[in-house]
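Read the structure below first, then the notes.
Read the figures in this text as sums done on the coordinates, not as results from a lab. Here the structure is a predicted model, which is why all the values come from computation and not from measurement. Because the Cβ atoms are built from the backbone with ideal geometry, glycine has one as well, and the counts that use them run over all protein chains shown.
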């Protein structure tokens, strides 16, 4: 059996470092917003290339806090990809704004800059870009469009830790940017965790206040905030894995290369572009008989996932919120399949997956 992901196997190499961090955590006697969080925030900001990083409870709340910190006008429209994970859209709704869907480029699966103009409304104040599957969006034209129209930019970097274009990383482009450290991410905690990066000191300070009940000074509440603090122990675990993140990303690139080099061309493989450093949080292929292909793989001991089986505008929860037709999103959601590509997989694992795929072909 080739698992899609085994978090136990993935985290075993870090066990001794985790134990050492747990011992320091235990002995410190400070279990909320202590030195572990501060040290991770400093290290992560340095890694991304921003002035500030703020730890929060999870990726969804990171997105909500980004939107709240921007102080957008009431009833603002926020442009967001039509094929994103539902969290991106939930954050916009929970922050009190209206999501407006933008179709992706069918080759990259990321927001198509050419579609932004048509999606623009008189109420649009921000763009939320989502770096899907570990590939950076086309940020230069998106940022140029945003600046030309006076729009704020929020990056959803949940799947793109370390991804970059010409050495500028995901999380260093937008005004304020959200990161999820869910356990399956390339930089994954051992539970829920999230973060925000920005170069804007005012925005960073607002997030620190909002994440802690709207309080800068204990028991003095300046704004309506929330409890969304990065867990002290998770921050320490993340500091361990951050030291290994480049190696994790390199390993996933090596496994992706096996797929690239050996998969028949009638499986639609991820596009590779000059100047882009892709980190392959997900290695997705597309096939018109996706469901039959997935069953075929499962019967032969290969586990897969679908990211994601239902387009956001077709989700029951989004009826009455999202309107319109999104054929590119529909095509992606109906044909995409995620193959095993954990940093814990061996070369042989991936060659076996390829062999089964060739058998299907």
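Couple of notes before you dig in:
- Whole-number D in µm² s⁻¹ for region 64-216, Kirkwood Cα-pair radius fed into Stokes-Einstein, 20 °C, 1.002 mPa s: 138
- Angstrom value of the Kirkwood radius, inverse mean 1/r, which spans all Cα pairs in region 175-319: 19.0
- When each of 76, 88, 107 is scored by the number of other beta-carbon atoms lying within 10 Å, the sequence from fewest to most is 107, 76, 88.
- Taking the empirical scaling 2.2 N^0.38 Å for compact globular proteins as reference, region 245-360 has a Cα radius of gyration ratio of 1.17.
- Listing 80, 56, 153, 240 from fewest to most neighbouring C-beta atoms within 10 Å gives 240, 153, 80, 56.
- With kT/(6 pi eta Rh) evaluated at 10 °C and eta = 1.306 mPa s, and Rh the Kirkwood radius from Cα pairs, region 85-126 diffuses with a coefficient of 139 µm²/s according to Stokes-Einstein.
- In units of the rule-of-thumb radius 2.2 N^0.38 Å, the chain shows an alpha carbon radius of gyration of 0.99.
- Between 343, 261, 144, the residue with the greatest mean-square fluctuation in the GNM of the chain (Cα pairs under 10 Å linked by springs) is 261.
- Exposure proxy order (Cβ contacts within 10 Å, fewest to most) of 279, 274: 274, 279
- Semi-axis lengths (Å, descending) of the ellipsoid that matches the C-alpha gyration tensor of region 253-292: 20, 11, 10
- Per-residue ellipticity at 222 nm computed for the chain from its helices equals -11500 deg cm²/dmol, with DSSP H segments shorter than 4 residues left out and the rest contributing -39,500 (n - 2.57).
- Relative contact order %, region 7-242, counting alpha carbon pairs below 8 Å whose residues are six or more apart: 27
- Available extension along the chain between residue 272 and residue 253 is 5.7 nm, counting 0.36 nm per residue and deducting the alpha carbon span.
- Kirkwood hydrodynamic radius of region 180-252, from inverse mean 1/r over distinct Cα pairs, in Å: 13.7
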